[in-house]
Every structure is written in C-alpha cells, then in structure tokens.
Amino acid sequence: MELLKQRILRDGQVKEGGVLKVDSFLNHQMDVTLLNEIGREFRRRFDGAAITKIVTIEASGIGIAAIAAQHFGSVPVIFAKKTRSRNLDGALYTAKVHSFTKDVTYDVQLSKKFLGPQDTVLILDDFLARGQALLGLIDIVRQAGAQCAGCGIVIEKQQQGGGALVRAAGVRLESLAVIASLENGTVTFAQ
C-alpha cells in the first residue's frame, strides 16, 4: 500500500534497537483518513470472505479494527484484553502472549459469549514482529471453533520472523507494509 509506505518514510522514526515509531499517525495519534484507507485495503484483500467478526488485541489494534469494520458491513469488533478486570466476567478464552517489547507475558482474554463456531474471523493488528500476539489470537479463534479467514497487519517487521511463523501455521497473512530492514536508521521495504 503505497500511501502507507510514503507515510512511514515521511513521519516514521527509527529508534535504537530496531524500533519503528509511528505514533504520530498510527498507534497513539491516529490519522483517521489513513486508517479508513487501511480498512478499505483490508476489505479489498479479504474480498469474498464472509467476515462476521474482527478480532484484535488491546490497545493499538482497536482503532484500526473499528474503522476497518465499517468496510466489512460494520461487523462487531472484539478485542482481547491483556489484564483481567471486573468488567470481564463469565467464561473466557485465554492464551499466553509474550511481549518482547515490554518483556512480560500476558494471559490475554476474550469473553466466550462474543465468539463461537458460527463466526468467520478476520484478525487485525498494527504491527507484526515476532508473532506472539497474532499466534495467541489465532489460538483463541481456534478455541472458539470459529473459522479464521486470515490476519491483516498494517506493518510487518519481516526481519523479526513473526510473519514466517504465522504463514508456517497455515494462516493467511496480508501485511500492508513489509519492512525488510531498519538498519542505520533507514526504513527498507521488502520487495
């Protein structure tokens, strides 16, 4: 998606340790016009899939998923929570997800009342690096007996191997911008 790539090149910042900071337009301050185009592109890529729910993980995927849902007939968006709260009651699907960025393992949770075997799910998220969050969400969808139509990622960091893990698991993966390298502070996209 050329619009996204140009925005990454213009406003993204490469930080020490291979961190790509896109908080000015994607995951802290959100450019709603750009997110709308991202949602439109996910719809184009998953055209023909009868999506009934979109699943993401808190917090950065929520805005992306909510705007994208409008392009899929305003299907419900469900987000897995990283921590247990009083609002999350009843039976839950859970999966362990390790965050390498924060070096913590979460028991992500999603209420069973919102997802079941009747659903065809699209999983969306902002970044794919090592793939742990995505694999956890895929596990939750499978626990529910739902069909996983695939995963849509805004930015995949190819060099960190998560995309290869997801593809090796036989799951369709559509990444809008695939980064091959962040060496020397320069963003290089995969061909």
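Tabulated data for the structure shown
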{"quantity": "Residue-by-residue Karplus 3J(HN,Hα) for the stretch 169-175, coefficients 6.51, -1.76, 1.60, Hz, glycine and proline x", "calculated": "7, x, 9, 5, 10, 10, 10"}
{"quantity": "Coarse-grained scattering of the chain at q = 0.08, 0.15 Å⁻¹, given as base-10 log I(q)/I(0) from a Debye sum over alpha-carbon atoms", "calculated": "-0.24, -0.87"}
{"quantity": "Kirkwood-type radius of the stretch 105-191, with distances r between different C-alpha atoms, in Å", "calculated": "13.7"}
{"quantity": "Pairwise label distance in nanometres, PHE100 with ASP47, each label 7 Å out on the Cα-Cβ vector", "calculated": "3.5"}
{"quantity": "Cα-Cα over 29 Å, subset of LYS5/LYS112; LYS113/LYS157; LYS15/LYS53; LYS5/LYS96; LYS81/LYS157", "calculated": "LYS5/LYS112; LYS113/LYS157; LYS15/LYS53; LYS5/LYS96"}
{"quantity": "Candidates VAL19, VAL141, VAL108: whichever shows maximal mean-square fluctuation once the chain is modelled as a Gaussian network with Cα springs under 10 Å", "calculated": "VAL19"}
{"quantity": "Residue of GLY136, GLY163, GLY145 that the Gaussian network model of the chain assigns the largest fluctuation, springs spanning Cα pairs under 10 Å", "calculated": "GLY145"}
{"quantity": "Gyration tensor verdict on the stretch 1-94 (Cα atoms; rounded if a/c is under 1.5, prolate if a/b is larger than b/c, oblate otherwise)", "calculated": "oblate"}
{"quantity": "Global form of the stretch 68-139, assessed from the alpha-carbon gyration tensor, a/c cut-off 1.5", "calculated": "oblate"}
{"quantity": "Spatial separation of Cα centroids for the stretch 112-191 and the stretch 19-65, in angstrom", "calculated": "12"}
{"quantity": "Carbon + sulfur, % of accessible area of the chain - ligands and nucleic acids excluded, 1.4 Å", "calculated": "47"}
{"quantity": "GNM top mover of VAL14, VAL104, VAL154 - the chain, alpha-carbon springs below 10 Å", "calculated": "VAL104"}
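The values are calculated or read from the model by the stated rules, or taken from the named source; none is laboratory data. The shown structure was predicted, so the numbers you read here are calculated from the model rather than taken from an experiment. Note that each Cβ is placed from the backbone with ideal geometry, even for glycine, and that neighbours are counted across all protein chains shown. Each accessible area value is taken on the protein alone, full model and side chains, heavy atoms only, with ligands, DNA and RNA left out. Shrake-Rupley method; radii C 1.70, N 1.55, O 1.52, S 1.80 Å.
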